[in-house]
Each structure stands twice: as C-alpha cells, then as structure tokens.
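See structure below.
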Amino acid sequence: MTDKDIKKSYEKSAERMEGSNKTFSSGLKNEDFNDPALHEDIHEKKPVNYETIDGFSSMEEVHKWQRQHIEKDDQSKEGYPLNIIIDPDMREMYQVVHDADMSNVFDRFSQQQPIQCKFCIEGLSCQLCANGPCRISPKVPRGVCGVDADTMVARNFMYRHVTIGTAANIFHCHQAARSLKAAGQHPESGLKIRDPEKLKKYADMAGLDANKPQPEIAVDFADWVMNDIHSPYHEESKTVEAFAPTKRKKLWRELGLFPGGGYSEVSYAQTRCMTNFTSDPVEFLLNSVRLGIANEYQGLFMLDIIQEILMGTQEIAMKKQNMGLLKENMINVVTNGHMPLVSHVAIDLASTSEWQEKAKDAGADGIQILGHVCEGQQLINYADMHNQKGYGGQEGEWLSQEYLLATGVIDLFMFDYNCTVPTMPLYAKRFGTKLLSVHPVIKLQGTDTLDFIPEKMSEQAAKALDMAIGSFKKRKIENKKTYIPPHVSDCMVGFSTESIKNALGGSFDPLIEQIANGNIRGIATIVGCTTARYGQGGSNIFKITKGLIKNNILVLSGGCTSAVMEYTGLTDPKASDECGEGLKAVCKQLGVPPVLNYGACVDIGKMTQTAMEIADALDVDTNKLPIVIGAPEYLEQKAVADACTAVALGWLVHVAPVPSITGSPVVVKTLTETTETLGLGKVVVEMDAEKTIQIYVDHIEKKRKELGLN
C-alpha cells in the first residue's frame with residue numbers, strides 16, 4: 001500500500017463513520033494550531049493596543065466595585081466575560097488580548113457553547129472501545145456492549161476523573177520524595193533540609209530511626225514514602241496506617257476501602273474500567289472513595305510534609321499579590337504549576353549577590369522570581385522562600401496566564417506541572433517570553449524542556465536563570481511596547497496547622513472554645529480552581545465566601561480560590577469588618593482575616609491535618625465536625641479526586657459546576673445519600689450562591705446540634 005493509498009483509507013474511514021468525505025480537522029487552518037512554527041505572521045496581525053484600557057484608579061475603587069457587582073447578581077451570559085472577571089489586572093489585560101483578536105480562555109469558552117455535548121455533560125458518552133462512541137438516551141438506553149446509564153456514568157467518573165487526579169497527586173509526592181532523598185545524598189544539588197524537626201517527627205511516626213544523622217533520616221524517610229507508593233494494592237498502605245485517624249481506619253477496613261500502594265491502586269482501578277469488566281456502578285463509586293484515601297495520604301498530605309521539610313514550614317505574614325508586582329526594568333521570571341521543587345532552588349540562586357550582579361550586567365535593575373497559580377500560593381506561604389531577595393510575590397490564578405504574558409515584561413515562564421495552558425507558545429512568540437518546562441511530564445510545542453534531576457537541581461536552576469537573562473537582553477534590544485497593570489493586593493498568608501496552633505499559644509483549644517461558644521459557627525474550606533463558565537470566573541467564589549463570613553463561618557482557602565480571596569481583599573485583616581459579629585470579634589482580637597490562606601490546591605492535605613487534630617482534641621471522628629468542603633468552581637481531575645478524599649473523611653462536599661454524573665440516578669443517589677449512611681461523607685451540587693450559603697449554614701448547624709453545641 002502506498003502513502004497515497006493510506007491517506008485515502010483515512011478519508012474513507014471518515015466517510016463511513018459520519019457521512020462526509022472530510023474530517024472536521026481537514027478544515028482547520030495553520031492559525032488554529034498551537035505550534036508556534038505555523039505562525040510566522042504572528043506579529044503582523046492586529047496590533048496590540050495598551051492605550052484604550054478601561055480600568056480602576058485604586059484598589060479601594062476595585063474593592064467597592066467588586067462588592068457592588070456581586071450584589072447586582074448580573075454574572076450571566078449578557079456582558080460576559082467582564083461581568084464575571086473580578087480580578088482588576090485580568091480585566092485590563094483581557095481587553096488588550098481580546099481587542100487584538102488573540103485566542104484566550106474566556107473567548108474560547110463562548111465559542112464552545114453551541115457545540116458542547118449534553119451527553120458528555122451528563123456522563124452518558126463512552127469511547128472506550130471500537131464499537132463506539134456510544135451515547136445513551138431513552139431511545140437508545142444501552143451502549144453496543146450492553147452497558148447501561150448507571151455503569152457508564154460511574155465508570156466515566158472513576159476513569160476520567162478520579163484515577164487521573166489521584167495519579168497526579170501521588171506522582172507529585174513521588175517527585176518530592178525523590179528531591180528529599182537527593183537533599184540527603186547530594187548537598188551540592190542545592191536542595192536543603194529547612195525543617196529538620198519536622199523530618200524527625202514524621203520519620204519517627206513512620207517507625208524509622210529518627211536518631212540517625214539528618215541526611216540518613218532524609219534518605220530513609222524518602223525511601224519509605226516511595227516504597228509505600230510502589231507497594232501492591234493488596235498490601236495495606238503504611239502511610240495510611242501511620243497518619244490516618246484511628247476511627248476512620250476502622251471504618252475503611254470494614255467497608256473494604258483501606259488502600260494499598262498508590263500506583264498499584266490506580267492500575268487496579270483503571271483495569272476495572274476496561275470494556276466488559278466491572279459493571280456494578282456502586283463498586284466504581286466505592287473504589288473512587290478508596291482512591292481518595294490514597295490520594296490524601298500518599299499524595300496531598302505526604303507531599304505537603306516533604307515540601308515543608310525542604311522549603312520551610314509556613315509563617316504568618318503580610319505579603320503582596322498580582323501583576324502590579326512586575327517591574328519594567330527587572331528580569332521577571334514567573335514560575336507556574338504545582339511543584340515548586342526547581343523554582344525554590346532558583347529563588348535561592350537569584351537571591352545571591354552573584355546572580356543579582358549578573359542581572360545588572362545585562363542592564364537590568366535585578367532579577368525577581370514570581371509565583372503563579374498554585375505554585376505561587378505555595379511559595380508565598382513558605383517562610384524560607386518569601387523572605388528572600390530573589391522572590392517577587394504571587395501573580396494570580398490559572399485563568400490569568402495568557403493575559404500575564406500579554407504584559408510583554410515576562411522574560412521567562414517556567415512551568416512544572418498541570419495548569420499550563422496549550423496556547424502559551426503563541427503568547428510567548430507574540431510577546432517575547434522564553435518558555436521552559438522543568439519536568440518532562442509536561443511538554444509544550446516548540447519549547448525547551450529540562451529533565452527533572454534532583455541531584456542536579458542547582459545546575460538546572462542556573463540554566464533557567466541564564467535563559468531569563470538572555471530573554472531580557474532580547475526584550476531590551478527589540479524595545480517593544482509593554483504594559484503592567486497597576487493593582488496590587490495586601491494579603492495575610494502562611495496559615496497551616498502549625499502556624500495557627502503557634503498563634504493560638506500551642507493548642508487548638510482557643511479555636512475550639514470560640515466554636516463552642518458560637519462566635520465561630522463552623523469552618524468551610526473554599527478550595528480548588530476557578531472556571532470560565534457563566535456566573536463563575538471567581539465571582540461565584542467571592543459571593544459565597546462573603547455570605548459565609550457574614551454568617552460567622554471561618555473560611556480556609558487553597559488553590560486558585562486563594563488568588564480570588566487575595567484580589568478581593570478577603571485575606572486582609574481589614575475584611576473582619578465584613579463578618580458577622582461573632583467572627584468579627586475573633587478576627588479583631590487575633591488580628592487575622594476571616595479567610596485563612598492555606599496556599600495551593602495540594603495544601604488541602606494540610607487542611608485535613610488541621611481538621612484531624614481538632615477532631616482528636618474533641619475525641620470525635622472527623623465526620624462529626626461542623627465542617628463543609630466547598631469547590632464552587634472546580635475544574636479538573638485532581639479536584640474530583642480531592643472530593644473523594646473529603647467523602648472518605650466523612651464531610652459534606654459542595655461542587656459546582658455540575659459534574660458529569662447527572663445521567664445516572666444510581667450514581668446521584670449513591671453520592672448524595674447512600675455514602676452518608678455508611679459513615680462516609682456526601683456530595684451536594686448547587687450553582688446558585690445564595691442557596692449554596694444556606695446549604696453550608698444548615699449543615700454546620702446540624703453538626704453543632706449533634707455535638708451538643710447549640
């Protein structure tokens with residue numbers, strides 16, 4: 001068969017499947033792809049105009065508008081997207097990008113609306129085998145293989161969301177453990193053990209010899225974590241046994257939910273998702289909860305502990321956030337993602353007089369590294385990072401990254417994990433940014449990638465900084481127009497289990513006392529992502545949080561929601577004036593805001609640790625606490641895995657938008673009712689902010705009553 005014959009066979013296949021002799025993709029043009037090599041004319045297109053931006057004059061004006069805006073309840077399709085973008089800097093840069101006819105996240109959402117598939121939204125589409133794709137409806141109630149709606153939805157839920165999210169968090173933990181081992185074995189790597197007491201504490205809890213020399217403890221603990229991750233699914237996880245609450249472990253064993261090794265659990269779960277394997281929908285959902293337990297202890301919780309050992313435990317402090325921290329004549333490096341392992345070594349280097357002098361020799365005033373997305377939220381919380389000369393602050397949420405590059409002053413955008421959008425090569429080419437992946441797990445078209453070698457991390461970080469200096473020199477030679485939005489938010493950061501206890505005098509008793517006397521009715525975690533959907537874009541998170549603090553509910557934030565809390569002023573102690581009287585009095589007394597920023601989405605692991613310690617202090621199981629877990633604008637697979645973690649711990653989980661489960665009555669009933677009868681948590685789905693607030697309040701009051709606190 002010739003190459004021509006092979007091409008014809010594909011054309012015939014397209015004709016057989018959908019009645020046309022052309023594929024949809026055959027009509028796409030070069031400009032519809034993200035390979036920068038296909039965009040030779042990118043600078044000749046509609047020019048970028050920074051002169052006609054409609055913005056705000058001050059942060060006081062911003063905060064006033066934000067509060068009036070959510071009271072109007074006008075976050076609808078009309079006026080989209082400026083009626084849902086409440087980040088003042090993102091609002092300005094959206095206008096620049098949109099007016100230049102550049103593809104961007106909010107415009108792409110609008111373009112997708114006529115063609116987004118209702119079958120996929122409800123979970124009623126399957127592409128697992130060659131008989132498909134199959135879609136289920138009243139007219140056709142089964143797929144070709146015989147699968148019904150309940151099985152299809154439950155299988156999609158576990159396969160498309162929970163296994164991927166769990167694998168991602170466990171993979172992150174594995175890379176952190178690799179780095180800890182390198183810190184113990186290779187001091188020349190640039191990796192340091194900044195919290196040796198935490199290393200000894202958790203090594204001892206793991207049953208290791210914590211009296212060995214520090215480097216040996218690091219190696220032993222790292223190996224212990226990695227070996228548990230790699231253990232078989234049929235052998236109980238040592239990490240879960242060492243760190244999970246005793247009452248929960250008993251329940252998980254009774255229900256058959258106690259997991260084994262994380263990687264093996266993911267493999268086992270994905271095997272069950274194959275065509276004509278498991279067809280019991282409830283089994284898929286219980287397996288998802290089991291994955292949620294592995295996700296927490298072999299993923300979130302343990303990666304948080306290891307990163308704190310390497311980067312320093314959180315310290316409460318006032319810091320600054322948003323694009324106004326960029327500087328025209330500085331070498332601006334933005335580090336994006338979720339795994340700040342290379343970037344924290346780069347901050348160490350950039351903080352030295354040697355690298356600051358290199359920057360000045362290139363004509364810059366200096367070099368600064370700013371964090372973006374969850375990586376930025378972690379760096380702003382680690383005391384040993386955010387107090388260094390080379391650290392510049394936190395930039396924003398994932399929705400803002402295209403607009404961030406459009407400022408024209410980002411010299412290097414280095415990224416290491418998820419939430420780096422595929423269009424970045426086009427923005428980099430248009431605005432002169434150098435892109436660098438610092439882990440081969442993520443590669444973008446036409447960009448450089450470093451191998452992730454913990455033993456050579458200092459060398460790799462130096463290579464990244466050299467790229468940034470070269471990019472800055474090129475920017476100055478080209479002398480293109482740039483624009484930096486002026487807005488910067490003051491925010492209190494650095495909250496964690498340890499830092500809160502330290503602030504309270506070494507015990508959670510003062511917090512428990514405030515919950516008991518009713519000044520604080522309960523705790524809500526508002527975590528996860530932001531989405532581009534109508535009614536969301538950060539505005540839904542803001543509206544819900546405002547309602548909760550007014551009802552005397554303390555809020556913990558983690559993920560892109562933390563950026564929303566920062567640019568709306570809710571992580572500033574001044575926001576205590578917006579609380580109900582009880583919470584207001586507590587915040588004023590302690591000098592803290594009503595929203596405590598725990599950092600990144602992966603720092604949900606620290607929130608569960610806080611909750612477990614409070615439960616231990618009360619001598620109750622975790623499902624008895626007056627707590628709600630909220631992801632009002634969840635986006636991707638890790639968020640779904642994290643929701644399964646919360647269900648495993650017995651908590652009410654609120655998610656919006658509606659996940660792809662509504663096509664199955666059994667799946668909906670199981671997740672919203674049945675799991676609670678088993679001693680687990682349950683899921684509630686609600687888009688309306690006012691109804692969501694009432695759901696949180698009612699649940700917390702119910703739990704207070706059960707604890708005898710009313």
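The values are calculated or read from the model by the stated rules, or taken from the named source; none is laboratory data. Bear in mind that the values here come from a model prediction, so they are computed numbers and not experimental data. Please note: Cβ atoms are built from the backbone with ideal geometry, for glycine as well, and neighbour counts cover all protein chains shown.
Which is more than 15 Å from residue 263 (Cα to Cα), within 28 Å of the chain's Cα centre (by Cα) and not hydrophobic (A, V, I, L, M, F, W, C), of 202, 233? After ruling out the rest, the residue left standing is 202. Residue 605: within 20 Å of the chain's Cα centre (by Cα) and not β-branched (Val, Ile, Thr), yes or no? Against the criterion (within 20 Å of the chain's Cα centre (by Cα) and not β-branched (Val, Ile, Thr)), residue 605 qualifies. Restricting region 98-154 to residues that are of a type in the set (Asp, Glu) and under 26 Å from residue 405 (Cα atoms) leaves a set whose member that is surrounded by the most Cβ atoms within 10 Å (Cβ to Cβ) is 107. Of the residues making up region 85-141, just one is basic (Lys, Arg) and in contact with an Asp or Glu (Cβ under 9 Å, 6 or more places away or on another chain), namely 91. Among the residues making up region 424-438, those that are more than 11 Å from residue 336 (Cα to Cα), buried (at least 19 other Cβ atoms within 10 Å of the Cβ) and not aliphatic (A, V, I, L, M) are 425, 427, 430, 431, 432, 433, 434. In summary, residue 122 fulfils each of the numbered conditions (1) of a type in the set (D, E, K, R); (2) in contact (Cβ under 8 Å) with a residue 12 or more places away in the chain; (3) more than 30 Å from residue 155 (Cα to Cα) with the single exception of condition (3). Could you tell me which residue of region 663-700 is farthest from residue 548 (Cα to Cα), considering only residues that are surrounded by 16 or more Cβ atoms within 10 Å (Cβ to Cβ) and of a type in the set (Asp, Glu)? Ranking the candidates gives 676 first.
Filtered by the rule that a residue be aromatic (Phe, Trp, Tyr) and either over 29 Å from the mean Cα position of the chain (by Cα) or under 30 Å from residue 54 (Cα atoms) (or both), region 478-516 gives a lone residue, 483.
A count restricted to region 566-623 and to residues that are modelled with pLDDT of 95 or more, surrounded by fewer than 22 Cβ atoms within 10 Å (Cβ to Cβ) and on the phi > 0 side of the Ramachandran plot stands at 1. Elements of the type helices (runs of 4 or more DSSP H) sitting completely within region 103-211 and holding at least 1 residues that are out of contact with any Gly (no Cβ under 7 Å at 6 or more places or on another chain) and in the same structural domain as residue 227 (by TED's automatic domain parsing): these cover 149-156, 163-185, 196-205. In region 680-707, the residues that are outside any helix (DSSP H, G or I) form Cβ pairs under 6 Å with partners that are buried (at least 17 other Cβ atoms within 10 Å of the Cβ) and among the hydroxyl-bearing types (Ser, Thr, Tyr), at six or more places apart or across chains, as follows: 682/675; 686/692.
Filtering 279, 288 for residues that are in contact with a helix residue (DSSP H, G or I) (Cβ under 9 Å, 6 or more places away or on another chain) and not in a loop (DSSP other than H, G, I, E, B) leaves a single hit, 288. Residues of region 308-319 that are surrounded by fewer than 24 Cβ atoms within 10 Å (Cβ to Cβ) and touching a Gly at 6+ places or on another chain (Cβ under 8 Å): 315, 316, 317, 319. Each residue in region 65-91 was checked for being β-branched (Val, Ile, Thr) and over 23 Å from the mean Cα position of the chain (by Cα), and 1 pass.
When the residues of region 291-314 are filtered to those that are of a type in the set (S, T, N, Q) and in a helix (DSSP H, G or I), which remaining residue is nearest to the chain's Cα centre (by Cα)? Restricting to residues being of a type in the set (S, T, N, Q) and in a helix (DSSP H, G or I), the top hit is 295.
The set of residues in region 629-642 that are aliphatic (A, V, I, L, M) and farther than 22 Å from residue 535 by Cα contains only 641. Screening 295, 322 for residues that are within 28 Å of residue 221 (Cα to Cα) and either crowded, with 19+ Cβ neighbours inside 10 Å or not assigned by TED's automatic domain parsing to the domain that holds residue 181 (or both) leaves exactly one candidate, 295.
Results for (1) among the basic types (Lys, Arg); (2) over 23 Å from residue 363 (Cα atoms); (3) at pLDDT 95 or above; (4) touching a His at 6+ places or on another chain (Cβ under 6 Å), shown as yes or no for each residue.
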residue: 412; (1), (2), (3), (4): no, no, yes, no
residue: 415; (1), (2), (3), (4): no, yes, yes, no
residue: 419; (1), (2), (3), (4): no, yes, no, no
residue: 434; (1), (2), (3), (4): yes, no, yes, no
residue: 452; (1), (2), (3), (4): no, yes, yes, yes
residue: 461; (1), (2), (3), (4): no, no, yes, no
residue: 465; (1), (2), (3), (4): no, no, yes, no
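Quick grid of which residues meet (1) closer than 23 Å to residue 565 by Cβ; (2) crowded, with 17+ Cβ neighbours inside 10 Å; (3) not polar (S, T, N, Q):
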position	(1), (2), (3)
48	no, yes, yes
56	yes, yes, yes
59	yes, yes, yes
68	yes, no, no
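When each of 656, 648 is tested for being in the same structural domain as residue 521 (by TED's automatic domain parsing), under 24 Å from residue 606 (Cα atoms) and modelled with pLDDT under 95, the lone residue that passes is 656. Pairs are defined by a Cβ separation below 8 Å, a sequence spacing of at least 6 or placement on different chains, a first member in region 249-263 that is at positive phi, and a second member that is at pLDDT 95 or above and in a helix (DSSP H, G or I); the pairs so defined are 256/286; 256/290. Pairs are defined by a Cβ separation below 7 Å, a sequence spacing of at least 6 or placement on different chains, a first member in region 384-397 that is surrounded by fewer than 23 Cβ atoms within 10 Å (Cβ to Cβ), and a second member that is modelled with pLDDT of 95 or more and of a type in the set (Gly, Ala, Ser); the pairs so defined are 388/351; 389/351; 390/350; 390/351. Look at (1) within 26 Å of residue 612 (Cα to Cα); (2) surrounded by fewer than 19 Cβ atoms within 10 Å (Cβ to Cβ) and you find that residue 166 fails only one, number (2). A Cβ distance below 7 Å, combined with a sequence gap of six or more or placement on separate chains, defines the contacts here; from region 310-325, residues that are among the aromatic types (Phe, Trp, Tyr) reach no residue that is surrounded by fewer than 19 Cβ atoms within 10 Å (Cβ to Cβ). Does residue 370 satisfy the condition of being among the aliphatic types (A, V, I, L, M), crowded, with 24+ Cβ neighbours inside 10 Å and under 18 Å from the mean Cα position of the chain (by Cα)? So residue 370 fits the description; yes.
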